[in-house]
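Note sheet for the following structure.
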There are 2 protein chains.
Amino acid sequence: MANPVLPSSGALSPLGLDAVRLAPGFWGDRVALNREVTIAHAHEWMEREGWIGNFRGELPRRGREFSDSEIYKLLEAMAWADHPDFAELALTVVKAQEGDGYLNTRWSGSRYTDFEWGHELYCYGHLIQAGVARLRTHGQDAFTEAVRKAADHVCRRFMDGTETCGHPELEMAMVELYRATGVERYLELARRLLERRGLPALGPIHLGAAYFQDDLPVRQATTLRGHAVRALYLACGAVDVAVETGDDQLLEAVRSQWERAVARRTHLTGGMGSRHADEGFGEDFELPPDRAYAETCAGIASIMLSHRLLLATGEVAYADLAERTLFNVLATGVALDGRSFFYSNPLQVRVPAEPSDGINLGHSGGLRSPWFAVSCCPSNIARTFASLGSYLAAADPSGLRIHHHTPAVIEGAGLRVAVETGYPWSGGVAVRMLADGRGRLSLRVPAWAEGATVGYGPAQAGDLARREAPFPAGARDEAAARTRIVRDATPGYAVVEGEWRAGDVVTLDLPMAPRWTFPDRRVDALRGTAAVERGPLVYCAESVADEPPLADLSARLAPPVEHAGPSGVVELEVEAVLGERVSAGWPYSSRPAQPATTGTSLRLVPYHRWGNAGPATMRVWLPTAG
Amino acid sequence: MANPVLPSSGALSPLGLDAVRLAPGFWGDRVALNREVTIAHAHEWMEREGWIGNFRGELPRRGREFSDSEIYKLLEAMAWADHPDFAELALTVVKAQEGDGYLNTRWSGSRYTDFEWGHELYCYGHLIQAGVARLRTHGQDAFTEAVRKAADHVCRRFMDGTETCGHPELEMAMVELYRATGVERYLELARRLLERRGLPALGPIHLGAAYFQDDLPVRQATTLRGHAVRALYLACGAVDVAVETGDDQLLEAVRSQWERAVARRTHLTGGMGSRHADEGFGEDFELPPDRAYAETCAGIASIMLSHRLLLATGEVAYADLAERTLFNVLATGVALDGRSFFYSNPLQVRVPAEPSDGINLGHSGGLRSPWFAVSCCPSNIARTFASLGSYLAAADPSGLRIHHHTPAVIEGAGLRVAVETGYPWSGGVAVRMLADGRGRLSLRVPAWAEGATVGYGPAQAGDLARREAPFPAGARDEAAARTRIVRDATPGYAVVEGEWRAGDVVTLDLPMAPRWTFPDRRVDALRGTAAVERGPLVYCAESVADEPPLADLSARLAPPVEHAGPSGVVELEVEAVLGERVSAGWPYSSRPAQPATTGTSLRLVPYHRWGNAGPATMRVWLPTAG
């Protein structure tokens, strides 16, 4: 089955990518853009920067020590997207492999001499994930054989001993290769790598052992910590090992780490990571909006982790966080034209960025960049969109669960349905049966959706009147009007059970009124502010060229007003007051700041759309007036 | 004259270290501790870590690429302190010099191949400052000859061309060597290095050209920016060049950079630097208390810069900032036992640090460390305390100015005085004439000291009744009672002019009531908080082992109550309320945080004393209740 994550057990079973076909809509458009634009864009930049040339032996070698992994992530993206450039690029990689299976363009002459920073096993991890993608979309070929050979080399070299890699990633890749091939040594190596970590397994570094999660064994840790991507990839591997080995204690450990990190170390956007210095989580309640790191890759890794926990447990909270992160980190990470990217995703930008078309040597978050010296995010975005369908729905023993509402045709658990919706701009979702069938249909009702309703027929859904195919655009209201029962749907799942005939429709209505959101008072950096959310979207004030200057504005907590923006986007307007600007030689005084009084208003846009209109200031958390 | 900074012109003239003899008191005790403990402590660690062995050719070379500079800063400290270990350590350095004057234990085999990160010219700068200290305290010897030889090598190599060093430092050192020797090429090289910078002179780095102030020529920049120590050292060099070349435009440029950085980029403690990732300033009003970097070295560099600007202009605001930084950064940087150090000086610590007696590979600020892998701060502290007397007073054309009130005997501008005071714990300062004399006495009245008074005789100070020598302890009140005029002294200088007889006393009374201080509302990270200051000291809540948990407490803005702490220290108590702890799975909600109501109190200690009682939480900025 074509899906990056196929556990052999768990509460939910994934569907194949061919069973979830996205139609035009919020996510379908993004996935198409990824296939048509972003993959080629990444391919071009990797060639231009010499990272592909490294595999051809071009000298001097270019790029960072982990640049091989970008090619592998791109290959994974191409495999899931059935992209025509896969074969040639894969061949370039295969040719660089050494006789014993070793494959790395940076460390070939000095294998395994730097476990802390070398990223060799990390690179194998991404190579293997690309190999699994190819196996599951195409079957064996020279590339998958090379991947197996590399994996076998790694097993021989690392099955015994105490070594592991400074960057987790190989763990989940090895489990997935085991799932794809049935070869148990891959699972065993993943298990051993996981158990070694934190004994400790790595040498001291200036960022501290927690940076690469080597401060504690994974099953003893109580929260996610250190470098966010490393922490989340490790947790993914732990879930995978736990599921395949039936290790409930390990699964529980990761679940409580997730819970604590979500409760104390996660930005409103779902972004994770508060420190630039180590791309790390920081401490509980350390959630600065301006220096939020919230790396795009960490958002992707968080989605990967929540998805694994959702499959293992069937608990909807994991899908809630995944949705928040999909809309507010993944969708933010790439520009509307698919050709530039955010590495970090701050929740406040004070100074408009300097535009540049060149490579970004750093990670600054004021404007998207076409490429980075460390360009992990674009290829991660590419492979995530290429496999996005795998996150939308899953099967449970009684039927089909739809977690993310976007236009698509979904087939699973004996049902075949079309989802039609303008979500996230509007809150109505219609799920139409495309064939007769029997089974439970569970539609996720997000945690914020207090007051949602689900509409369906009385007693037995099979009694529902048939609808004409194809489902006409705009027919959602019509369908809703004709259904016979509308009942409250509380956050969780709206479950409708019965026998279905082709044309039957289930409707879900999610309340989309904008809402003010306040931080826990332990979040020092957000004291005295509030943010606006609408549906699954976080909104922000964006001020192009800082006109009006955002530093002078405070918001009144009146209900935001909706405005139609471009392309069906809903924008919001909030009442605001303009503060007098105090000019002084010292920013501290014995007089508290005076409240502002001049009334004005402030336009808010969905956070994921900010930064597409040129250099701007931005803030998600608005100081509140009075 | 024994003083690190001897400009050939300017509003004020420095006094030699032999003319400012510190007596027991706040600073005198610290200076004695430095000479007796800290210098030897640093010497031992540099030997233990092999950084001194590098000069003996021991292999493998140890320490970072700039570790030579630590030995030079220690030598400078030893020279100012007339420390007996100077000669032997200096000889070790001299022996490592190459025939053409080149001296660097890291780059000997690959000279000048990495200007961005190599720190070669930076190391020469510290070598030269040590040489100047030796010249001015002892005169020529083999070490000062080696320093001259090195300086001449550097002049030959870098007088022409476009190269400079990624870390400014050589500029001010070369100017001082010019001042000490009269050799004009040293000044000329400093001038050229300064003018080259920002053209740009260095290659691209991932932290951006502003990191090492290579984004703009120094005279075009409008604020201090990038790496804080680099920015401040460069500004010091610019002032020195401006003063020696009569370049008023350059001086004005640095003055406005100082003004803007002080108004927008300086923590309440005087600490500079808000970002860990680049040890940098960050943006205007980016002043997070928890992630305040406020590197000890940046505080020292800020004191150096303010001192230079004070000498050049005679404007008291520079001394005000220097005092704030002396008491709240320099004094904080070293433990009460002189054997451990803060690298960064955050204004909030949420989680008690793990104690460790070993080398600190990072810079974390939760507890002081005996040594660091990058150990710039301890040796910088050592050289600053060893020359601290140079900051206390200066001469202007009409008399003596005392900028920092601490027990000392000071001789300058034809006056010889003893200063007696319990400052900063009490606000009374008595300055007693130790000899007959004539001239103006100017005592600094800090900007916060609204309501200060100065006491002295009528019309002519020479009319004052004579006092018996020696000045008895506690006689300040008696002296104050007998003086004939007490008048208001507004912030700036309290100036008393006249003819003096030995025994005459001038008293200054500074109001020491604790005061609440509020941040500018543009400082997002401090919204809804206030801090307490008393005299020149910033206070903080310190909670050993986080009992009571600081995260649960908010302060009421009632007047703080004073308590006598250990060793004459004044501690404060403020009213507080205890918030209910909200436990939730997500730190954001549609309900604003509820105000706390349970009354309690909170003990505050001087910020510079925190962290001496074991692992603790701490905060300078207290959330305000209601």
Say a paramagnetic label sat at a point 7 Å from the Cα of B:Glu188, along Cα to Cβ; which residues of segment B:141-156 have their backbone N under 13 Å from it?
B:155-156
From a point 7 Å beyond the Cα of B:Arg487 in the direction of its Cβ, which residues of segment B:388-402 have a backbone N at a distance under 19 Å?
B:398-402
In square angstrom, what is the accessible area per residue of segment A:179-269 with a 1.4 angstrom probe?
33
Put a point 7 Å out from Cα along the line to Cβ at B:Val486; what are the distances to that point in the other copies, in nm, shortest first?
8.1
Heavy-atom accessible surface buried between A and B, both sides counted, 1.4 angstrom probe, nearest 100 Å², is 4600
Accessible surface, segment A:515-623, averaged per residue in Å² (probe 1.4 Å):
39
Those residues of segment A:180-210 for which accessible area with every protein chain present is at least 10 Å² below the isolated value (1.4 Å probe)
A:Pro204, A:Ile205, A:His206
Given unit charges at Cβ for Lys, Arg (+) and Asp, Glu (-), the dipole magnitude of segment B:49-196 about its Cα centre in debye, nearest 20, is 160
Dipole magnitude (debye, nearest 20) for the protein assembly as shown, charges at Cβ of Lys, Arg, Asp, Glu
860
Filter chain A for me: DSSP H helices, axial length by Cα at least 15 angstrom, mean Kyte-Doolittle hydropathy not below 0.5. List them by residue number.
A:228-245, A:296-313
Taking the label point as lying 7 angstrom from Cα along the Cα-to-Cβ axis, what are the distances from B:Val351 to the corresponding position in the remaining copies, in ascending order and in nanometres?
3.0
Rounded to the nearest 5, what is the percent of antiparallel bridges among the DSSP beta bridges in the protein assembly as shown?
90
Mean separation of Cα contacts under 8 Å (6+ apart) over length of segment A:511-619, as relative contact order %:
31
For chain B, what is the relative contact order in percent, using Cα pairs closer than 8 Å and at least 6 residues apart in sequence?
13
For the pair A:Val495/A:Asp82, report the inter-label distance in nm, with labels modelled 7 Å from Cα in the Cβ direction.
3.6
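Between A:Glu315 and B:Lys95, what FRET efficiency comes out of the Förster formula 1/(1 + (r/R0)^6) with R0 = 51 Å and r the beta carbon distance, rounded to 0.05?
Once the sixth-power term is evaluated, E becomes 0.15.
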Which residues of segment B:586-611 end up with at least 20 Å² less accessible area in the presence of all protein chains than when their chain stands alone, using a 1.4 Å probe?
B:Trp586, B:Pro587, B:Tyr588, B:Ser589, B:Ser590, B:Pro592, B:Ala593
For segment A:524-545 the residues that are at least 40 Å² less accessible with all protein chains than alone, 1.4 Å probe, are A:Asp524, A:Arg527
Suppose you put the label 7 Å out from Cα in the Cβ direction; list, shortest first and in nm with one decimal, how far A:Asp114 is from each other copy's label.
1.1
What percentage of the solvent-accessible surface of chain B, computed with a 1.4 Å probe over protein heavy atoms, is contributed by carbon and sulfur atoms?
50
Rounded if a/c is under 1.5, else prolate if a/b is larger than b/c, else oblate: which is the protein assembly as shown, with a ≥ b ≥ c the root eigenvalues of its Cα gyration tensor?
prolate
For segment B:92-147 the trypsin sites (Lys or Arg not before Pro) that pass both the DSSP coil test and the at-most-14 other-Cβ-within-10 Å test are B:Arg111
How big is the shadow of the Cα convex hull of chain A, averaged over all directions, in nm²?
28.1
Cα shape, segment B:49-196, gyration tensor, a/c 1.5 rule
oblate
What are the lysines whose alpha-carbon lies under 20 Å from the alpha-carbon of A:Lys73, with same-chain residues fewer than 8 places away excluded?
A:Lys95, A:Lys149
Which residues among segment A:487-518 fall inside the zone where the amide N is under 13 Å from a point 7 Å beyond the Cα of A:Ser398, along Cα→Cβ?
A:493-499
Mean separation of Cα contacts under 8 Å, 6 or more apart, over the residue count of segment A:50-204: relative contact order %:
24
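The values are calculated or read from the model by the stated rules, or taken from the named source; none is laboratory data. Remember, predicted model here, so these are calculated numbers, not experimental data. Don't worry about glycine lacking a Cβ; one is built from the backbone with ideal geometry, like all the others, and counts go over all protein chains shown. What goes into the accessible areas is simple: the full protein's heavy atoms, side chains included, and nothing from ligands, DNA or RNA. Shrake-Rupley method; radii C 1.70, N 1.55, O 1.52, S 1.80 Å.
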